[in-house]
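What follows draws every value from the coordinates through simple rules; no lab data is involved. Note that the coordinates shown come from a computational prediction; the quantities given were computed from them, not determined experimentally. Ideal geometry is used to build each Cβ from the backbone, glycine not excepted, and the neighbour counts take in all protein chains shown.
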Amino acid sequence: MGIIKTILKRVLKENTIVEKQKISESAYRIRVKSDNIKDVEFVAGYFLRIGIGMTEESLTMKDFVRSYSVWDLDKTNGTLDLAIATHSKGSGAKWAEQRKVGDKVYFTWKKGNFILDDTANSYLFIGDLSALSHLYIIRRNLPKDKQVESILYSQHKSELFADIDGTMPFNFYELPENPYSEIIAEIKKIIPHMTGRKMVYVGGDSRICVALNQYFRRELNWDTKQIKTKPFWNPDKKGLE
C-alpha cells in the first residue's frame, strides 16, 4: 500500500477540511479548502474522486477511492462542500464520520455526464438521499425561469436535508426502498403539468435508475436526450459510485 499511496499523492491534490457539520440523521456536510479549487473549471454536477484509503490503513484496494458529488463551490475563497450520506455504513460512511477539521483530503476531479443541462423548459428531479446534494446543485444553477418538479425520497424523512443555502426547494417523500410503483404514481400526476421541452434527472438506487429510464423511453416516448440517470449505489454491489 505504501507504493500505491506514494503514486496517488502525485495524482491526487491535497486539501484540508475546514468545517464539518451533521446536517441530518444520516448525512454530514464537509467543507474542504485549497488554493487549487480557485482555478478549477467547474460545471454543476461534477464529482470528486477521493482517496479515502490515504488516511484509512485497513482498506483494500477496491475500497481505496470513493466518488462524491460537489454540493457547492466557492472559487473566491477556494472552498467546496460535500454532503456525505452515512446510512450505508460502508467504508465511505465510516471515513466521513471519522473526519475532523484540520484533516487532509486527497482528491481529483471526475466530470461525467450527469451535469447541468439548461436546454429544457421544465425539469423533473427524482432521487434518494445519495443523490440529494447532486440534484440540489444542478437545480440551483438552472435559470430562474425554468419549471421544476421533484420527487426526493427516503425511508425516513429525517435523513433528508435542506440545500446549502437553507432552502428546501424539493418535495420530500417517505417511501420504502426501491419504491418504483409509488414513484410512477407521482410521475403520472406531475407530467401533465410540465410545459415545453421536458427533462428528467434520476439519481440514486440503480434499480430505480434503470426502471425509470425504461418507463420514460417506452411508456412516455421521451427521447434519450431528455433522460439523465446516474446510479449512485447498487444493493448488490459494494463500492458503486
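When Lys and Arg each count +1 and Asp and Glu each count -1, what net charge do the other residues less than 12 Å away from Gln147, Cβ to Cβ, add up to?
+3
When Cα extents along the principal axes in Å is calculated directly from the model, which label among (i) 41, 39, 33; (ii) 55, 39, 31; (iii) 66, 45, 32 fits? Step by step, Cα extents along the principal axes in Å for this structure corresponds to label (ii). Beyond a 25 Å Cα-Cα separation, which of these cross-linked pairs lie in this structure: Lys20/Lys110; Lys22/Lys94; Lys20/Lys198; Lys111/Lys189; Lys104/Lys144; Lys38/Lys89? With Cα atoms farther than 25 Å apart: Lys20/Lys198; Lys111/Lys189; Lys104/Lys144; Lys38/Lys89. Going from the fewest other Cβ atoms within 10 Å to the most, the residues Glu149, Glu41 appear in the order Glu41, Glu149.
Full extension of the chain between Asp39 and Asp236 gives 67.1 nm of extra length, using 0.36 nm per residue less the Cα-Cα distance. Per DSSP H run of n ≥ 4, the term is -39500 (n - 2.57); total these for the chain, divide by its residue number, and report the mean residue ellipticity at 222 nm rounded to 500 deg cm²/dmol. The per-residue figure over the chain is -5500 deg cm²/dmol.
Between the residues Val200, Asn171, Leu129, the greatest Cα displacement towards the positive end of the dipole of region 122-233, with unit charges on the Cβ of Lys, Arg, Asp and Glu, is found for Val200.
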